[in-house]
Structures are given as C-alpha cells and as structure tokens.
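Comments concern the structure below.
The values are calculated or read from the model by the stated rules, or taken from the named source; none is laboratory data. In this text the structure is predicted, and so the values were computed from the model without any measurement. Cβ coordinates were reconstructed from backbone atoms using ideal geometry, including for glycine residues, and neighbour counts include every protein chain displayed.
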Amino acid sequence: MSNLAFDNLSPTPKAASGAQPSRPAVTDPLDIRPVPRISVQAFCESSELATAFEAAAGDRRMERAHVKVHMGGIAAAAEFYAAAPTPNLIVVESQLSGEKLLADLDRLSEVVDAGSKVVVIGHVNDVDLYRELSRRGVSEYLVMPVGVMQIIRCVADLYVDPSAEPLGRSIAFVGGKGGVGASMVAHNVAWAIAKSFDSDVVVADLDLAFGTAGLDFNQDPSQGIAEAIYSPERLDDTFLDRLLARASDHLSLLAAPATLDRTCDFDEATFQAVIDVAQAGVPALVIDLPHIWTGWVKKTLLSADEIVITCEPDLANLRNAKNLIDILKQSRKNDSMPRLILNKVGMPKRPEIKPEEFAKALEIDPIAVIAFDAQLFGTAANNGQMIAETDAKSAAADSFQKVAQIVTGRMEAKRPRRSGLLSRLRSKKSE
C-alpha cells in the first residue's frame, strides 16, 4: 500500500467493524439540512451519475454550494488538480476495484490540498475495500446507482454540524389571488400548531406594507420584521428574540409595520438570514407571503420546506394556482407537491368552480375545503381572534387543525369528505 494516503482528510466515523457500503434507506427530504457555502467538484465516469449530480446541484438544499461536474473519473481529477487548487469536496466515480482503485486514489492523494474531503462512488459493494478507503481517510464510499437525494444527504452529512440544533420546518403560505384569505389561513394554522402540539411557532409576516398578522392576533408591537431586515449586521437569535411579539404561550410574531414609509423593493436574499435564524430557534416557522411576484418572493417561496396555496373557487385563482404549481414542480423536483386549500366555498349568488373540478384541473386534491361564513370569519377578524377562539366546534376550526397536522408531518393528507351541503365540506377529525 502506498504511504501517500489522504492524511489531511478526516475519516468518516461510519466505518464500524462489520459495516459495509450500502444504499441508505429512502428518508424524508425535509430531514436533510441545507448544505453550507462550499465548493464541490464531481468527476464522473457515467452519464447516469453526472445527470444525478446536475440535478442535486439544482436542489434548494444545495443552492449555497458551488457545484461543478466533470467527466473522466479519478484519473481526470488527478490531472486537473495537478495545476489547480482542490475544492472543499471532491467526488470521484470509479468502476475499478481493489488494488487498481487504490492505486488511482494514491495518485489523486498527491495533489489534494489540505482540508479537502474526498468521496468515492464505486460500482463494487466490497466491505474490505470500504474499510481500506476509510483507513486512508476517504470520507465516504457510495455504491452505484446513486440517487439525487443520496448525493445531497452525503454532502450534508459531511458539512453540517451534527451537534447543531435541528432546523425547524418552514411553511410558506401564498394566495392564488389577492384577498383569498391566505394570511388568515396561515395565522389560524400557526395557532393550531402551537395550541394542539404545545410546539413553539413563529409567524413571519413578510407583507411589510399591508401585513395583517398584528391585527389578526390583536397585537401592536413596536418592533418586528422590519428591524430584522434593515439591520442585518445585528441579526442573531438574541436580537431576533427581542423583536418577537408573544401572541400565546407557544406562538410569537414577527409582525409587519404596515406603514408606507418605505417601499418593499428588496433583493432576492433579503429575508433568507431572518428565516435561517428563526428556523434554528423553533420547530415551525410560518411564512406569510404577500400576493406579489418579485425576486425575493419567488426565492423565499422556492426555499420553503412546505408550500400552501390558498384559492377561491374561480377561474382567476385556477389559472394563477396552475402557474404557481407548474413553476414549483419545475424548480422543486425533489420536494413534495404544494398543498392546496380552497377557501370561501359556497358564497351566495357567486358562480363557482366545483371543488372536485378545481382539484381535477390542478391534479391536486385540496387538504381543506373551507365554507364561506361571513359571520364567523368577520367576528374573528374584528375581535382579533383565531377561528378556534371564536367557535372551537366550527368546521373551519376543524379544518385548520387538520392542515396543521399535515404541514407539520404528523399525518398524511386525505380527501376532505362531504357532510351535507356541497358548499360545506368538512374534514374528517384526526384521531
């Protein structure tokens, strides 16, 4: 064996006695932490792996990493780095095994800079080879075929601090059209999460000019999300905690100022730091997005763990929802489909698209169909209350409870069932 091993690499702790390389079980993509700002270069021998790496590079969890894919395997990597600095992570594919593979890696080790990690993707499931690669400092050995999420998880496991607190789930709510009640739905779902599960929730109202979170929760905080985004140099968990307004024992608000002193022409990444800090501090972050289409709204929406689209059953909502779903499916190929909620169903004298026809056109079943009830929702809004506070036994309160369970991963979505009139579809109560 050559003495030119990857001495500068940290061996992975996974090489326990008797262990062997295998394909990890498929897990929830939401369990994978975002990869930090690192450079990753992959040298592939097969088009299959190159395609998977390109797809992984486009995933939202890898958006901060700089990823470049080359063809040529270990030999090409050794030749390339003979005249170039190595990135944080080198991934090499090889169809060789045994001494031939080790010999190629020995040549690569001669040009690897201190601090770089190496992952080998092979075609042979060999426990002795795995142990030898681990002994030499190779960070991980995967066996083809390797999928997109397996690549992302491998990179995340190498660069995300395992002792760090887990990130909370970010749930973005957006309307198919202005005035459909997306903010009302977001606030009531956040309330249901906090109340039902005794789980800490932060509601971030990103509609700085016209946000209603303060009104809906009967709060008038002097500070809120504006201070966070206009003072990014001060932003940490301590500063953010001072900006939160307590709405209940487990629910806090990052309220919008709802003033027109400043315009809302933000950069794409303006809210990302706020979201990162908030997610690190609570299990659930509810993001209330305004109904506009800017770079920062699109960026925030695409980066969320869960997306909920609220619509009224009319043609404009159907068109807009389809456009939203199409861009989300295209940009978030490794994530679950967005959730659909139909609101204000059964409004008197209004022609409507039937819920089942609306769902069929979008190819998504709604997770809740909420009947129009001017008295209930108007009373709650005027009193600064949630629906469950105004009428805990209402069908709407039951729907928000069910949505809270779905978006937090506590239950699978099921079709709403009828209970009487077509306009009053009620969700089955969770056990």
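One table, with the values for the structure above:
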| quantity | calculated |
| --- | --- |
| Given (1) more than 24 Å from the chain's Cα centre (by Cα); (2) surrounded by 14 or more Cβ atoms within 10 Å (Cβ to Cβ); (3) not aliphatic (A, V, I, L, M), index of the condition GLY181 fails | (1) |
| Any hit, the stretch 307-326, residues being in a loop (DSSP other than H, G, I, E, B) and among the aliphatic types (A, V, I, L, M) | no |
| Scope the stretch 61-88; condition part of a loop (DSSP other than H, G, I, E, B) and on the phi > 0 side of the Ramachandran plot; matching residues | GLY72 |
| Residues located in the stretch 236-266, provided they are closer than 26 Å to TRP293 by Cα, at pLDDT below 90 and not basic (Lys, Arg) | ALA258, THR259, ASP261, THR263, CYS264, ASP265 |
| Yes/no for PHE217 being more than 24 Å from the chain's Cα centre (by Cα), outside the structural domain of ASP59 (by TED's automatic domain parsing) and not small (Gly, Ala, Ser) | yes |
| Subset of the stretch 132-149 [surrounded by fewer than 18 Cβ atoms within 10 Å (Cβ to Cβ) and either assigned to a helix (DSSP H, G or I) or in contact with a Cys (Cβ under 6 Å, 6 or more places away or on another chain) (or both)] | ARG135 |
| Test: residue in the stretch 410-421 that is among the acidic types (Asp, Glu), crowded, with 17+ Cβ neighbours inside 10 Å and modelled with pLDDT under 95 | no |
| Criterion: closer than 24 Å to VAL201 by Cβ and among the β-branched types (Val, Ile, Thr) - qualifying residue of VAL274, VAL345 | VAL274 |
| Filtered residues of the stretch 199-214 (kept if out of contact with any strand residue (DSSP E or B) (no Cβ under 7 Å at 6 or more places or on another chain) and polar (S, T, N, Q)) | THR212 |
| Every pair of residues 6+ apart whose Cβ atoms lie under 6 Å, when the first sits in the stretch 175-187 and is assigned by TED's automatic domain parsing to the domain that holds ILE287 and within 21 Å of LEU253 (Cα to Cα) while the second is in a loop (DSSP other than H, G, I, E, B) and of a type outside the set (A, V, I, L, M) | GLY175/HIS291; SER183/THR212 |
| Among (1) touching a Lys or Arg at 6+ places or on another chain (Cβ under 9 Å); (2) at pLDDT 95 or above; (3) outside any helix (DSSP H, G or I) - the single one ALA361 does not satisfy | (3) |
| Residue that is farthest from GLU352 (Cα to Cα) [pool: residues in the stretch 159-178 that are among the small types (Gly, Ala, Ser) and at pLDDT 95 or above] | ALA172 |
| Among the candidates ASP288, ASP276, ASP267, residue that is exposed (fewer than 13 other Cβ atoms within 10 Å of the Cβ) and assigned by TED's automatic domain parsing to the domain that holds PHE197 | ASP267 |
| Qualifying residue in the stretch 210-217 (condition: of a type in the set (S, T, N, Q) and in a helix (DSSP H, G or I)) | no |
| Every residue from the stretch 390-404 that is touching a residue at least 40 places away in the same chain (Cβ under 8 Å) and either surrounded by fewer than 17 Cβ atoms within 10 Å (Cβ to Cβ) or of a type outside the set (Gly, Ala, Ser) (or both) | PHE400, GLN401, VAL403 |
